[in-house]
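Got a structure for you, questions after.
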Amino acid sequence: MSNVKDSQWPLWEVFVQASPGIPHKHVGSVHAPDKQMAMQNARDLYTRRSEGISIWVVPAEAIVASNPDDSDMLFEPSNDKVYRHPTFYVMPEGSKNI
Amino acid sequence: MENEKQLEQFEAKINADSKIEPKDWMPEDYRKHLIRQISQHAHSEIIGMQPEGNWITRSPSLRAKLILLAKIQDEAGHGLYLYSSCETLGISREELIEQLHTGKAKYSTIFNYPVLTWADVGAIGWLVDGAAIVNQISLQRTSYGPYSRAMVRICKEESFHQRQGYEIMGKLAKGTAEQKEMAQDAINRLWWPTLMMFGPHDADSAHTGKAMKWKIKRETNDELRQRFIDKTVQQAEIIGLTVPDPELKWNAEKNKYDHGKIDWEEFKRVVNGDGPCNKKRMDNHLKAHNEGAWVREAATAYAAKQVKEEVVG
Ligand SMILES: [Fe+2]
Ligand SMILES: [Fe+2]
C-alpha cells in the first residue's frame, strides 16, 4: 500500500458501533500490515472498555474525502432549496396531525 | 496574496472557536507547533510506560498487578491515539520515532526520574497522571480537531489512573510508620519534578504566545500548574501527607496557593539529557524498536504473500 517511506505499516481508519441500531462512528486509526491485524489492533486500542459491539476497519487510502476548498461548490446549492424542508409549506388553519 | 486571504480565513475560524481539520489550510507555524507538541505528548505516553513497567512483576498483590497492567496498557493506547492524530499533519510514524531517537523530539522530563519504591508507583498515578489530567482537560478545547478528539478519549480513561495512585498513597499513609514514611518520601522526591511537567513560567516560555493565539493551548503553563497545586494540596492533607514546599501558603486574597521557587536549572539539565534515567529510557526504547524490526518485516512479508495468493487464487 501507500506510504512506502513508513516502516510502520499502512494506516487503517477505525469505525465502531457503540450499541445495536446506531451507526458506526469514526474513532481513530491504527497501523497494521493486513486486515486481520488491523481488526485485532482496532479491538485492542478502541474497545478496552466495552465501547462497541461492532468494528469496521478501512484502509485509509481507500477513503475519498471532499476538499474543504470545494465546500461552496458542494454544499452551497442546497442552501436555497428551502422547499426541501417541511416548514416551507403553509398548512390550512386548523389542520391537525400533519 | 493568496496566503494572506487564507490566513485571514484561518484566523477567523480560530476566533469563532471552530476546529481546524487535517485538510484545511493552516499556517506552516501552526502545523510545526502542533507536530512538536503532539509528538512530545505521544512520546511521553510511550516512554512513561517504562518506569511503571518495572513494577509489574513486583506488584504487592494480584489486584495491584492487574490494575497496573491495565493502566500501562492505557498509556500505550494514549501514545497511539496521539501518534495517529500527529500523522494527520503529514508526518509519518517512522519519522516521529526517528525524531525521538535522535533527540529532536522531547518527552516529559518526569519520566527520567527513577521509580524506587511501590509508593513511587502510587505517587506517579496520583501526581503525574493528576498533572497530565489538568493539562489534558484543558487541551480538549484545542483548535486542532484530531488532537482535541484524542484528548477527549484520553481524559475519559485517565481518571482511573489518578484514583488508583491516590488509593495506593492513602493505604500506605494509613499503614505502618515505615509505610507512611515511604509515601512521604515519594511525594518529597516527585513533587517538584511534577510541577516542572507544566513547563517554564509563562514569561520564559518561547512557544506560549502563538500557541495561545491560535488556541493550540487554551491556558498557559502557569495557570495549569496553579490549578494542579490548588487541587492537590487538599488531597495530600486528607491522607496525612505533606507537600515538600516550606513556602507553600494559602493566599486568601488571590484565592490560591503561593508556592516556592522551582529549580529550573534542574529542569534544563533533565531536558538536555542529564537526568537520572534519560539514557536508560532511550536505550530501552531503541532496543525494543530494533529488536522488533524482524516482526514488522515478517508481518509485512506475510501480508504481501496473502495479497499474492488472493490474486492467484
Ligand atoms: Fe496517558
Ligand atoms: Fe495516565
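At a cut-off of 30 Å², which residues of segment B:92-110 become less accessible once all protein chains are present than in their chain alone, using a 1.4 Å probe?
So the qualifying set is B:SER92, B:ARG93, B:GLU94.
Sticking with this one: When you look at the Cβ of every residue in B:68-81, what mean number of other chain Cβ atoms sits within 10 Å?
2
log₁₀ I(q)/I(0) of the protein assembly as shown at q = 0.08, 0.10, 0.12 Å⁻¹, via Debye over equal Cα point scatterers, no solvent, to two decimals?
So the normalised log intensities work out to -0.53, -0.79, -1.07.
Would you grab the residues whose amide H sits under 5 Å from the one on A:GLY28? Only those 5+ places off in sequence or on another chain, please, with H modelled 1.01 Å from N.
A:VAL14
Within the set A:LYS25/B:LYS19; B:LYS65/B:LYS106; B:LYS106/B:LYS287; B:LYS13/B:LYS156; B:LYS174/B:LYS249; B:LYS32/B:LYS104, which residue pairs have Cα atoms separated by over 21 Å?
Correct reply: B:LYS65/B:LYS106; B:LYS13/B:LYS156; B:LYS174/B:LYS249.
Moving to a separate point now. So what's the net charge close to B:ILE46: Lys and Arg +1, Asp and Glu -1, counting the other residues with Cβ under 13 Å from its Cβ?
Details: positive: B:ARG93, B:LYS106, B:ARG281; negative: B:GLU45, B:GLU52, B:ASP74, B:GLU75.
With Lys, Arg at +1 and Asp, Glu at -1, the net is -1.
Taking the Cα centre of segment B:175-313 as origin and charging only Cβ (+1 Lys, Arg; -1 Asp, Glu), how large is the dipole, in debye to the nearest 20?
Roughly 580 debye for segment B:175-313.
Which residues' amide hydrogens lie under 5 Å from the amide hydrogen of B:LYS217, considering only partners 5 or more residues apart or on another chain, with H built in the peptide plane?
B:MET212
Further, regarding this structure: Roughly how far apart, in whole Å, are the Cα centres of segment B:260-278 and segment B:136-204?
Each part reduced to its Cα centre gives a spacing of 18 Å.
Another question about this same structure. Quote the relative contact order of segment B:71-160 in percent (integer), defining contacts as alpha-carbon pairs under 8 Å separated by 6+ residues.
Working: 39 pairs, mean separation 28.3, N = 90.
The normalised contact order for segment B:71-160 reaches 31 percent.
Could you work out the relative contact order of chain B, using alpha carbon pairs under 8 angstrom and six or more residues apart, expressed as a whole percent? Let's see the in-between values first.
On the way: 333 pairs, mean separation 57.8, N = 313.
The normalised contact order for chain B reaches 18 percent.
In segment B:74-151, carbon and sulfur make up what percent of the accessible area (probe 1.4 Å)?
The value for segment B:74-151 is 58 percent carbon and sulfur by accessible area.
Roughly how many Å² is the accessible area per residue of segment B:118-166, as a whole number, for a 1.4 Å probe?
Ligands and nucleic acids excluded, the result is 27 Å² per residue.
Okay, next question. Could you give the accessible area per residue of segment B:1-86, probe 1.4 Å, as a whole number in Å²? Each step should come with its number before you reach the end.
On the way: 4150 Å² over 86 residues.
I get 48 Å² per residue for this part.
Right, another one. What accessible area per residue, rounded to a whole number of Å², is obtained for chain A using a probe radius of 1.4 Å?
Result: 72 Å² per residue.
Enter the accessible area of B:LEU248 (Å², nearest 10), with the probe set to 1.4 Å and all protein chains included.
Taking all protein chains as shown, B:LEU248 has close to 40 Å².
Buried accessible area for the B:A pair, summed, 1.4 Å probe, in Å² rounded to 100?
2000 Å²
Follow-up. Hey, what do the phi angles of segment B:78-89 turn into as Karplus ³J(HN,Hα) couplings, whole Hz, using 6.51/-1.76/1.60 and θ = phi - 60°, x for Gly and Pro?
In residue order, the calculated couplings are 4, x, 5, 4, 6, 4, 4, 5, 5, 5, 5, 8 Hz.
First check a/c for chain B, with a ≥ b ≥ c the square roots of the eigenvalues of its C-alpha gyration tensor; if it is under 1.5, answer rounded, and if not, answer prolate when a/b is larger than b/c or oblate otherwise.
Judged from the Cα gyration tensor, chain B comes out oblate (a/c at least 1.5, b/c at or above a/b).
Sticking with this structure for a sec: In deg cm²/dmol and to the nearest 500, what is the mean residue ellipticity at 222 nm of chain B if only DSSP H runs of at least 4 residues count, each as -39500 (n - 2.57), divided by the residue total? Could the numbers behind the result be given before it?
Working: 14 runs with 207 residues, N = 313.
Helix-only estimate at 222 nm: -21500 deg cm²/dmol.
Report the Stokes-Einstein translational diffusion coefficient (µm² s⁻¹, integer) for segment B:121-220, Rh taken as the Kirkwood radius over Cα pairs, at 10 °C with viscosity 1.306 mPa s. Spell out each step's value before the answer.
On the way: Rh = 15.0 Å.
Answer, rounded: 106 µm²/s.
Moving on to the next point. With a ≥ b ≥ c taken as the square roots of the eigenvalues of the C-alpha gyration tensor of segment A:27-98, please select rounded if a/c is under 1.5 and otherwise prolate if a/b is larger than b/c or oblate if it is not?
Because a/c hits 1.5 or more and a/b fails to exceed b/c, segment A:27-98 counts as oblate.
If eta is 1.567 mPa s and T is 4 °C, what Stokes-Einstein diffusion coefficient results for segment B:207-313, Kirkwood Rh from Cα pairs, in µm²/s?
66 µm²/s
Related question: Projected onto the charge dipole of chain B (+1 at Lys/Arg Cβ, -1 at Asp/Glu Cβ, origin at the Cα centre), which of B:ALA150, B:ASN112, B:ILE91 gives the Cα projection farthest towards the positive end?
Positive-end residue among those listed: B:ALA150.
Evaluate the charge dipole of segment A:4-98 about its Cα centre and quote only its size in Debye, nearest 20, assuming +1 on the Cβ of each Lys and Arg and -1 on the Cβ of each Asp and Glu.
Working: 9 positive and 12 negative charges, 113 e Å.
Here segment A:4-98 has a charge dipole of around 540 debye.
What is the gain in length, in nm to one decimal, between A:SER54 and A:MET73 on full extension, counting 0.36 nm per residue of separation less the C-alpha to C-alpha distance? List each step's numbers first, then the result.
On the way: separation 19, 0.36 × 19 = 6.84 nm, distance 3.50 nm.
Length gained between A:SER54 and A:MET73: 3.3 nm.
Hey, what did segment B:194-313 get for relative contact order, percent, Cα under 8 Å, at least 6 apart?
Contact order relative to length: 16 percent.
A further question on this structure: Helix A:35-46 sits at what angle to the longest principal axis of chain A, using alpha carbons and giving 0 to 90 degrees rounded to 10?
Taking the Cα atoms of chain A, the angle to A:35-46 is about 70 degrees.
On the accessible surface of segment B:185-313, probed at 1.4 Å, how many percent belong to carbon and sulfur atoms?
Working: 4170 of 7690 Å².
After summing per-atom areas, the C and S share lands at 54 percent.
While we're here: Using modelled backbone amide H atoms (1.01 Å from N, in-plane), which distant-in-sequence or interchain residues come within less than 5 Å of B:TYR144's amide H?
B:ILE20
Grab the Cα-Cα distance for B:LYS156 and B:THR57, subtract it from 0.36 nm times how many residues apart they are, and report the gain in nm with one decimal.
32.9 nm
Rounded to whole Hz and in sequence order, give me ³J(HN,Hα) for segment A:65-76 from the Karplus expression 6.51 cos²θ - 1.76 cosθ + 1.60, θ = phi - 60°, writing x for Gly and Pro.
10, 5, 8, x, 5, 8, 3, 4, 4, 6, 10, 4
Right, something else. When the Karplus curve 6.51 cos²θ - 1.76 cosθ + 1.60 is applied with θ = phi - 60°, which whole-Hz ³J(HN,Hα) does each residue of segment B:201-214 get, with x for Gly and Pro?
Coupling constants for segment B:201-214: 4, 3, 5, 9, 9, 5, 9, 4, x, 5, 4, 6, 4, 8 Hz.
Next question. Considering only B:GLU181, B:GLU157, B:GLU237, give the residue with the highest GNM mean-square fluctuation for chain B, with springs between Cα atoms whenever their separation is below 10 Å.
B:GLU237
Roughly to the nearest percent, how much of the accessible area of segment A:39-88 is carbon and sulfur, given a 1.4 Å probe?
On segment A:39-88, the fraction of accessible area on carbon and sulfur atoms equals 55 percent.
The values are calculated or read from the model by the stated rules, or taken from the named source; none is laboratory data. Everything numeric here is computed off the predicted structure, so don't read it as measured data. Counting neighbours? That spans all protein chains shown, and the Cβs are built from the backbone with ideal geometry, glycine included. Accessible surface areas use protein heavy atoms only, side chains included; no ligands, DNA or RNA. Shrake-Rupley method; radii C 1.70, N 1.55, O 1.52, S 1.80 Å.
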